[in-house]
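**Q** Let me begin by handing over the structure; questions about it come next.
The values are calculated or read from the model by the stated rules, or taken from the named source; none is laboratory data. Just so you know, these numbers come straight off a predicted model, no measurement behind them. With ideal geometry, Cβ positions are generated from the backbone for all residues, glycine too; neighbour counts draw on all protein chains shown. These accessible areas exclude ligands, DNA and RNA; they are computed on the full protein's heavy atoms, side chains included. Shrake-Rupley method; radii C 1.70, N 1.55, O 1.52, S 1.80 Å.
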Amino acid sequence: MIQPIGVFDSGIGGLSVLREIHRLLPHEDVVYYADQANVPYGEKTLMQVRQLVEQVVRYLLDQYKVKMVVVACNTASAAALHYLRETFPDMAFVGMEPAIKPAAQYTQTGHIGVLATRATFQGELFASLLDRFAKDTEVHPLACPDFVMLAERGGPYTQDDQRLVHNQLAPLLAAGIDQLVLGCTHFPFLTSLIQEAVGPDVTIVDPSEAVARQVWRVLEAAHQLNPSTVKGQTRYLSSGDRQHFAQQVQTLLGIEQLQVGSL
Ligand code: DGL
């Protein structure tokens, strides 16, 4: 591996971003770190998340000499992105933020829903997004920790799962939303359950592809794109159950065989 990109999340969520990085930057080598010993991040304090995230970033830098870190987790970005940039001033970071801006731009009803974790809603980043982009829009935030665990458990999803999603989203529908922002990287893996629950008139806004484009832009500007013409390699790591994580990656990314490395 020549200098890889580091990507991390509390668990499988960041794979939704990794999938887009693979599409857009197929020649890059990547190290994906799932901090599953500590999932969910969203129910922890911002300070606890910051400490966990700092350890992950140090590990990626020390062990893999990554050229960039993609914080593929809204919670970690809300809790720690500023702090990481200050602590590691020479490192390039790309983070996540709920896509309030496009949702506020396209809404016809003037009501948008945002699904994220409690911690994400507590961070300053969310308040500043509302301030900057949603002055004339009614934003309905919904913290849904159950969805994180549902995505971690994985399919096949049952009627009970569908009912749970439907019940939790009912207040947003009642409020008249027509845009629903996925503000947690776990949720793209629940898109079919969510779309089924909200119906075809609500647009689901998933920022993963835009984040992959940002990764490309930052690497391009720094002349750090991998010049190789062969497919890059991705190494998968988990601080939790490695075998289980290997199965999750195989299912979610449609990869046949893979090994999850130890930390
Ligand atoms: N995937 C994460 C996010 O984007 C966090 C889920 C969790 O660990 O609570 O917010």
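**Q** Out of Gly11, Tyr64, Ala134, whose Cα points farthest toward the positive end of the dipole of the chain (charges: +1 Lys, Arg; -1 Asp, Glu; placed on Cβ)?
**A** Of the options given, the answer is Tyr64.
**Q** Here's a follow-up. Can you give the Kirkwood hydrodynamic radius for the stretch 8-66, in Å, rounded to one decimal and based on Cα pairs?
**A** Here the Kirkwood hydrodynamic radius works out to 12.4 Å.
**Q** Now for a separate question. Suppose every K and R has +1 on its Cβ and every D and E has -1 on its Cβ; what is the size of the dipole of the chain about the Cα centre, in Debye to the nearest 20?
**A** Dipole of the chain, to the nearest 20 debye: 520 debye.
**Q** Can you list the HN-Hα couplings for the stretch 186-191, worked out from phi with the Karplus curve (6.51, -1.76, 1.60; θ = phi - 60°), rounded to whole Hz and with x for Gly and Pro?
**A** Rounded to whole hertz, the list is 6, 6, x, 6, 10, 3.
**Q** How far apart, in nanometres, would the label points at Thr251 and Glu138 be if each is projected 7 angstrom from Cα along the Cα-to-Cβ direction?
**A** Between Thr251 and Glu138, the simple spin-label model gives 3.8 nm.
**Q** From the square roots a ≥ b ≥ c of the eigenvalues of the alpha-carbon gyration tensor of the stretch 62-184, which class results: rounded (a/c under 1.5), prolate (a/b over b/c), or oblate?
**A** oblate
**Q** Which of the three applies to the stretch 147-263, rounded, prolate or oblate, going by the alpha-carbon gyration tensor with a ≥ b ≥ c and a/c under 1.5 meaning rounded?
**A** Cα axes put the stretch 147-263 in the oblate bin.
**Q** Also: So how much slack lies between Ala127 and Gln51, counting 0.36 nm per residue of separation and subtracting their Cα-Cα distance, in nm?
**A** 25.1 nm
**Q** Which ³J(HN,Hα) values, rounded to whole Hz and listed in residue order, are derived for the stretch 226-240 from phi using the Karplus coefficients 6.51, -1.76 and 1.60 in 6.51 cos²θ - 1.76 cosθ + 1.60 with θ = phi - 60°, glycine and proline given as x?
**A** 6, x, 4, 10, 9, 4, x, 10, 10, 9, 10, 10, 9, 7, x
**Q** List, in order, the whole-Hz ³J(HN,Hα) value for each residue of the stretch 20-37 obtained from phi through the Karplus relation with A = 6.51, B = -1.76, C = 1.60 and θ = phi - 60°; use x for Gly and Pro.
**A** My calculation for the stretch 20-37 gives 6, 5, 4, 5, 7, 10, x, 8, 7, 8, 9, 10, 9, 10, 9, 8, 6, 5 Hz in order.
**Q** Starting from the Cα of Lys65, draw a straight line to each of the lysines and keep only those under 26 Å, dropping any in the same chain fewer than 8 residues away.
**A** Candidates past the 8-residue exclusion: Lys231.
**Q** Turning to a different aspect of this structure: With a 1.4 Å probe and all protein chains left in place, how much accessible area per residue does the stretch 133-263 have, in Å²?
**A** Accessible area per residue: 54 Å².
**Q** Compute the relative contact order of the chain as a whole-number percentage, counting only Cα pairs closer than 8 Å that sit 6 or more residues apart in sequence.
**A** Answer for the chain is 27 percent.
**Q** Kindly list the residues of the stretch 213-232 that lie in the label zone of Gln105, defined by a backbone N under 16 Å from the point 7 Å along the Cα-to-C-beta vector.
**A** 213-214
**Q** If you build the Cα gyration tensor of the chain and take the root of 5 times each eigenvalue, what three semi-axes come out, in whole angstrom, biggest first?
**A** 29, 21, 17
**Q** If you keep only loop residues by DSSP, which trypsin sites (Lys or Arg not before Pro) in the stretch 197-263 have at most 13 other Cβ atoms within 10 Å of their Cβ?
**A** Lys231
**Q** Pull up the cross-link candidates among the lysines for Lys101, meaning alpha carbon to alpha carbon under 17 Å and not fewer than 8 places away within one chain.
**A** Excluding near neighbours in sequence, the set is Lys135.
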